[in-house]
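The values are calculated or read from the model by the stated rules, or taken from the named source; none is laboratory data. A quick note: this is a predicted structure, and the numbers were derived from the prediction, not measured. Here the Cβ positions follow ideal geometry from the backbone for every residue, glycine too, while neighbour counts run over all protein chains shown.
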Amino acid sequence: MRTLYVTDLDGTLLNSNDQISQYSMEIINGLVAKGMQFTYATARSLVSASVVAKGLSTTIPVIAYNGALIVNPATGEVISSLSFTGEEAARIREVLQEHGANPLVYAYVDGVERVSYVTGRENEGIRRYLEVRKGDRRFRPLEDETLLYQGNIFYFTCIADREELLPLYEIFKRDGRYRCTLQQELYRPEFFLEIMPEKASKAEAIKRLKEIWHCGKVVSFGDAVNDIPMFEISDECYAVANGVAELKACATGVIASNDEDGVARWLADMEDSTLEESSLSAG
């Protein structure tokens, strides 16, 4: 039975410096070379994920935008995508405007992936988001807010204080047409509210990959609340020691932290155990 191994990136495979350690890179790439079915599921875009995961071997598509997209990392080909209907996007626009929110809007505009935002209204969190991604060709700064909602929209992000975002989270959480998460940025004070189509989740995307690659088992790794749906559909699921309590509560077990190469060490131990079992069986 083939096993699909799926890890989150930020706070899980990536250390506190937003990097994959040399040790983790060598262990995972070595296992992939031996045939392990390994990929990652992240809230990041493929563009952003490709930077921090550079050098990591993935022989199968990766999951981006919390499951809104499944993408071939080698070619950029979108294997599967979910987007809002016009009515759903219009409702989000209405609510955000009522609350004075300035979102980042992710969409395919004329067939090209863009991240649109209105200039002159950026708060500190948005300015930092743009600065650390300086040069990203997806960015589409606009002066005219009416252009903000063009294209095939699949994701919204609002960055602000928790108190400012909580009312929005409660509204969209109650509406069955949407899936949304509200969580604090790693190592930063600001919070991210992320709104996506109802069927967009790491869990649903993993189910799709499991089907495509004919895997009978899923083992996953994570650190945050947006990993809970992924854990719920996994046969085994492991939270890193630095993960949140809510995730640890539904995990098969807790492994070493992201700064201690928890995922790679678990995989290396798993391989050693498998080889030992094979040796005993042969004997």
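Okay, here's what the table says:
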| quantity | calculated |
| --- | --- |
| Subset of segment 1-37 [charged (D, E, K, R) and modelled with pLDDT of 95 or more] | Asp8, Glu26 |
| In segment 244-264, the residues that are in contact (Cβ under 8 Å) with a residue 12 or more places away in the chain and either in a helix (DSSP H, G or I) or of a type in the set (Asp, Glu) (or both) | Glu246, Leu247, Asn258, Asp259, Glu260, Asp261, Gly262, Val263, Ala264 |
| Residue check for Thr157: at pLDDT below 95, within 23 Å of Arg114 (Cβ to Cβ) and either among the hydrophobic types (A, V, I, L, M, F, W, C) or assigned to a strand (DSSP E or B) (or both) | no |
| Failed item, numbered, when Phe172 is tested on (1) under 24 Å from Tyr106 (Cα atoms); (2) assigned to a strand (DSSP E or B); (3) touching a Cys at 6+ places or on another chain (Cβ under 7 Å) | (2) |
| Condition check for Lys217: modelled with pLDDT of 95 or more, under 19 Å from Ile63 (Cα atoms) and surrounded by fewer than 23 Cβ atoms within 10 Å (Cβ to Cβ) | yes |
| Exclusive hit being under 19 Å from the mean Cα position of the chain (by Cα) and either among the β-branched types (Val, Ile, Thr) or buried (at least 20 other Cβ atoms within 10 Å of the Cβ) (or both), set Gly76, Gly67 | Gly67 |
| Failed item in (1) assigned to a loop (DSSP other than H, G, I, E, B); (2) closer than 19 Å to Arg138 by Cα, with Ala101 passing the rest | (2) |
| Residue list for segment 229-258, restricted to those being surrounded by 15 or more Cβ atoms within 10 Å (Cβ to Cβ) and acidic (Asp, Glu) | Glu236 |
| Test: Leu82 is within 20 Å of the chain's Cα centre (by Cα) and closer than 21 Å to Asp10 by Cβ | no |
